[in-house]
Amino acid sequence: MMGMKSGHRYYLQFWADLVFKEKAAVCFMIMLFFLVSFSNCYMISEASRFSKIIVRSREMYLEGRYFCQSGLADFLRSDAEIRELRNSLIDSESIKDVTVLNYFSGGGVVGNSEDWKTGFSIYNLSDSHEDPTRIMTIHDINDVPITSLEPNHVLLDETAQKEYKVGDHINLSIIYFPSDTHMPYSEAIIDVVVDGFIRSDEMVINTNRSLTDLSSVFTTVCDPLEGTGEAQVEGHRLYLCVCSVLSANDYLINYNEYSPCLYIITPETGAEKTVFFNDVKRCGLNPQDLVSYESLLDNYLANHKDEIRMIKAFSLAISLLTLCVMITIFVSWYTYKRKELGIFVISGCPWKTAILLSVSPYYFSIIIGGLLGFSGWALYEKFWRTEFNVIGWKTSLLLMVAYIFIYSIGVLIYYLMYRRSSPVSLYRDRE
């Protein structure tokens, strides 16, 4: 056992000597892989930023649906008129369902209104009147899509993790409008359960921008321009709280339906457009104010065609650069380390061990350079990019595995071709 440990210690010391001996080449290769990794992260981020909007819209099942911003007309309507408009839309034969959104829906606190420690900006994501658990799809911090939430179950933004954990119960004190219109408002303390957390850059539908193309439909849950997410209100913490609906006094509460900013209308399958638009007009909305998802998608592709072209060209350039760097480093090892391999084998070192020792400074450079590149990108995301940061540790790990795999293919081919060669010929011959 002691002999085995001594052997491992010897190989480790010998490996460290090899790396130190090649310190100039190692530093140069680390810098190369830093640049390659950072460039790959940028390329993936740009491509993902563009495609993420399309992917998220399809995850939310927005195909075939129509958007309509409420505007001044809804602002002038009374609460009763707003409820009547919503109910008449839902009851129309050509309309399957209506989703009402308001980016900043409601609020709640832990404690009472005069003595509270933590506040919550409540964002209702309910996407069905028939199924109160169905929500507009959102991803948690592990990028797992969530399509349903039970009433009184919530997701908090990631900044709340320092105070809460999954399964925690929160006595959320809220003020809401009851179904009885003769009462101005009602108060309730609701026991809500934390089901998970969402990233601060997770995408939700924005209700405040003009509907020009698909990019104007989305924002991040903690967009700095919107002022949500963790904040300080007179010294108290404020977090974003995402839910389907809340339930108090046997009444389902969806704050969005009291102050709608955006209607998302889902026609019945096979409904004729003429009938659909007539029903919308009869209910009190102007059909000309409706914008279809398909129109927004077409406008998005048209408005960003130059960006798409640039992303494709940049992706090709970065991919070629990465491949060239890998080939160059392999050729460098193949050309300049033949004599070293010959010496190792002549000294009694097995072929496999000799190759691993000889190539270890290159693997070391790939790993350290890659990690530095990914770390540099993470800092860039943190301090200079505010929305749609999409490079996670899984992507970084896959890139690192890809680097090592590509380089290992060359090393394996070399091993299979030369494992039966004479070490003397390796030492003597020049490529």
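Table for the structure above
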read-out	value
FRET efficiency, Ile141 to Arg282 (Cβ-Cβ, R0 56 Å, nearest 0.05)	0.80
Potential lengthening between Tyr61 and Asn87 on full extension [0.36 nm per residue; Cα-Cα distance subtracted]	7.2 nm
Built amide H within the under 5 Å cut-off of Lys96, gap 5+	Thr266, Glu268
Trp351 accessible area, 1.4 Å probe, all protein chains in place, Å² to nearest 10	40
Viscosity 1.002 mPa s, 20 °C: Kirkwood-radius Stokes-Einstein D of region 269-315 over Cα pairs, µm²/s	162
Highest-first arrangement of 299-310, 99-110, where packing means the average Cβ count within 10 Å	99-110, 299-310
Linear extension gain, Glu150 paired with Tyr185, 0.36 nm per residue minus alpha-carbon span	10.2 nm
Gyration tensor (alpha-carbon) shape descriptor, region 75-197, a/c threshold 1.5	oblate
Additional length obtainable on full extension of the chain from Ala24 to Glu294, 0.36 nm per residue less Cα span	91.6 nm
Burial order of peptide ranges 311-321, 206-216 (average beta-carbon count within 10 Å, highest first)	206-216, 311-321
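The values are calculated or read from the model by the stated rules, or taken from the named source; none is laboratory data. Everything quoted here is computed from the prediction, not taken from an experiment. Reconstructed Cβ throughout: ideal geometry from the backbone, glycine too, with neighbour counts over all protein chains shown. Please note that ligands, DNA and RNA were not included when accessible areas were found on the heavy atoms of the full protein model with its side chains. Shrake-Rupley method; radii C 1.70, N 1.55, O 1.52, S 1.80 Å.
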